[in-house]
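The structure under discussion appears below in the form of structure tokens.
Each reported figure results from applying straightforward, stated rules to the coordinates on display, with no laboratory input. The structure displayed is predicted, hence computed values, not measured ones. Heads up, the Cβs are rebuilt from the backbone with ideal geometry, glycines too, and the neighbour counts pull from every protein chain shown.
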Amino acid sequence: MEPSRPCLYASLPVPGPHVPVASGAVRQDYGSEFYMLRFKVERCTNPLPHDHTACPAAHHGEKARRRCPLKYRYTGVPCPDFRKGSCKRGDACPWAHGVFECWLHPSKYRTQLCNDGPMCSRPVCFFAHTASELRETDLAAAGPAVSPKSRQGGKEGFAGVDPGV
Ligand SMILES: [Zn+2]
Ligand SMILES: [Zn+2]
Ligand SMILES: [Zn+2]
């Protein structure tokens, strides 16, 4: 027994192989299809108070609420009017309203690799974490071409609107 001697390893930085967050441990993944077509689209049926950001359903007045991309024909291109404040076209608008409609759109969701890779701990992330998660999209069928400027945005594209915060 050497009670007063502090453990040497306690003061050392954790070496490489010790990955603090196992991939998928924090991030709950329902699969690409679910996120693109159902996430924050269907109304929540849970009447009890709960954390809306952790719930995949849509809630009254929630900013993340989306129109179903199959039911409503809109593209992943952000609506200029919605960005300025409000859009008179409402649900009939052909452009994306908000970051969730934009980034979860089938033309954009998981078409770029996440800067954090498999270490990403966002509860909801719009990017691919492995090469197999990366989606091929037919941009020609997805409406107007996305400008190069908005495509290279990556992480900055939705800075400050991380749904986990
Ligand atoms: Zn809910
Ligand atoms: Zn609009
Ligand atoms: Zn990520």
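Here are a few things to note about the model shown:
- Pairwise label distance in nanometres, residue 131 with residue 72, each label 7 Å out on the Cα-Cβ vector: 3.7
- Scattering from the range 27-94 was approximated by placing one identical point on each alpha carbon and applying the Debye formula without solvent; log10 I(q)/I(0) at 0.16, 0.21, 0.26 1/Å stands at -0.64, -1.00, -1.24.
- Integer Hz, Karplus 6.51/-1.76/1.60 couplings in order for the range 89-96, x for Gly and Pro: 6, x, 5, 7, 5, x, 10, 6
- Distant-in-sequence amide H partners of residue 96 (H built 1.01 Å from N, under 5 Å): 75, 77, 79
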